[in-house]
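Novice: Structure in structure tokens, see below.
Readers should treat all values here as calculations from the given coordinates under stated rules, not as data from a laboratory. Predicted model only: the values in this text are computed from it and were never measured. In this analysis, Cβ positions are derived from the backbone assuming ideal geometry, glycine residues included, and neighbour counts consider all displayed protein chains.
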Amino acid sequence: QVQLVESGGGLVQPGGSLRLSCATSGRIFRIRAMGWYRQAPGTERELVATVTSGGSTNYADSVKGRFTISRDNGKNTVYLELNSLKPEDTAVYYCTGSLARSTYDPWKDYWGKGTLVTVSS
């Protein structure tokens with residue numbers, strides 16, 4: 001069973017930083033891409049950042065220059081560095097991955113349960 005577990009969320013003052021982690025477990029043959037979504041109260045879920053297996057990254061305009069997504073291939077863990085945090089960044093952050101469990105399996109999306117980031121004075 002493949003599982004994604006986020007951690008690192010918490011309460012941060014505006015201008016502060018956090019480092020979110022997404023640990024994967026279970027049998028994973030290959031990872032096509034990993035990403036982070038977030039959902040704030042009263043808003044729809046939005047894509048924050050993605051990273052492909054080749055290292056290509058993409059960011060939402062609202063976080064460009066402030067957030068950085070990265071991966072530790074040896075640990076199958078993806079990170080999201082959140083810098084210069086704003087109150088508008090307050091949301092539940094979800095980790096997602098496009099994974100294949102074996103050579104014969106198609107790509108499948110997996111989701112973590114989320115970790116809460118609260119930016120407030």
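Novice: D for the chain, whole µm²/s, Stokes-Einstein with Kirkwood Rh over alpha-carbon pairs at 20 °C and 1.002 mPa s: what number?
Specialist: The calculation lands on 148 µm²/s.
Novice: Next up: Within region 1-47, report the trypsin sites (Lys or Arg not before Pro) that DSSP leaves as loop and that have at most 15 other Cβ atoms within 10 Å.
Specialist: Sparse-neighbourhood loop trypsin sites (Lys or Arg not before Pro): R27, R45.
Novice: So for the chain, if I pair up every lysine 8 or more residues apart or on another chain, how many of those pairs have alpha-carbons under 23 Å apart?
Specialist: Final tally of qualifying lysine pairs is 4.
Novice: Moving on to the next point. Please report the relative contact order for the chain, taking Cα pairs under 8 Å with a sequence separation of at least 6, and give it as a percent rounded to a whole number.
Specialist: The value is 37 percent.
Novice: Moving on. Please list, by residue number, every one of the trypsin sites (Lys or Arg not before Pro) in region 53-114 that is coil in DSSP and has at most 13 other beta-carbon atoms within 10 Å.
Specialist: Counting only loop positions with at most 13 other Cβ atoms within 10 Å, the trypsin sites (Lys or Arg not before Pro) in region 53-114 are K64, K75, K113.
Novice: Taking the Cβ of I28 as the centre, find all other residues whose Cβ is under 14 Å away and add up their charges (Lys, Arg: +1; Asp, Glu: -1).
Specialist: Net local charge, I28 excluded: +4.
Novice: Can you give the charge dipole size of the chain about its Cα centre, rounded to the nearest 20 debye, using +1 on the beta carbon of Lys and Arg and -1 on the beta carbon of Asp and Glu?
Specialist: So the magnitude is around 360 debye.
Novice: Between beta-carbons, use under 13 Å as the cut-off and find the net charge around E46, counting Lys and Arg +1, Asp and Glu -1.
Specialist: Local charge sum for E46: -2.
Novice: Further, regarding this structure: Just add up the charged neighbours of G97: K/R +1, D/E -1, any other residue whose Cβ is under 15 Å from the Cβ of G97.
Specialist: Once positives and negatives cancel, what remains is +4.
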